[in-house]
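Just so it is clear, none of the values below were taken in a lab; they were calculated from the coordinates. Bear in mind that the values here come from a model prediction, so they are computed numbers and not experimental data. Neighbour counts are summed over all protein chains in view; Cβ atoms, including those assigned to glycine, are modelled from backbone coordinates with ideal geometry.
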Amino acid sequence: MSLQNESVSKTENRKKYDRFKKAGIKYIDYKDGNFLLKLLNEQGKILPRRLTGTSLKNQRKVAQAVKRARHLAILPYVGDSLK
């Protein structure tokens, strides 16, 4: 039971930050393929919020930008040629 309490306290103490707010990015551009590649894994899937450290609002913008970039062939749908 003490192990469970320790793991909960470690996650509570960690302060979350939004990488876009910290960098001063207000608009997530779908035409910037190199930036969007940082938010994808090697399979081409969008990384979750808990790994990227984005807020819910910006994660939705990231998802929309990635989908637009895929539609315009800026990003591939599958990650065979990503890394």
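Among the listed pairs LYS15/LYS67; LYS21/LYS45; LYS26/LYS57; LYS45/LYS67, which are separated by more than 21 Å between their Cα atoms? List each step's numbers first, then the result.
Values: LYS15/LYS67 30 Å; LYS21/LYS45 23 Å; LYS26/LYS57 11 Å; LYS45/LYS67 11 Å.
Distance filter (> 21 Å) returns LYS15/LYS67; LYS21/LYS45.
Label LYS21 and LYS57 with points 7 Å out from Cα along Cα→Cβ: what is the distance between them in nm?
That separation, rounded to one decimal, is 0.8 nm.
Whole-Hz ³J(HN,Hα) for each residue in segment 49-56, computed from phi via Karplus 6.51 cos²θ - 1.76 cosθ + 1.60 with θ = phi - 60°, x for glycine and proline: what do you get?
4, 5, 8, 8, x, 9, 7, 4
Under a crude label model (7 Å from the Cα following the beta-carbon direction), how far is ARG68 from ASP32 in nanometres?
Placing both labels 7 Å along Cα→Cβ, they lie 1.3 nm apart.
Can you list residues from other chains, or at least 5 along the same chain, whose modelled amide H is less than 5 Å from the amide H of LEU40?
Distant-sequence amide H within range of LEU40: LEU47.
Apply the Karplus curve 6.51 cos²θ - 1.76 cosθ + 1.60, θ = phi - 60°, to the phi angles in segment 35-44 and return the couplings in whole Hz, x for Gly and Pro.
These are the phi-based 3J(HN,Hα) values: 5, 5, 5, 5, 9, 10, 8, 5, 8, x Hz.
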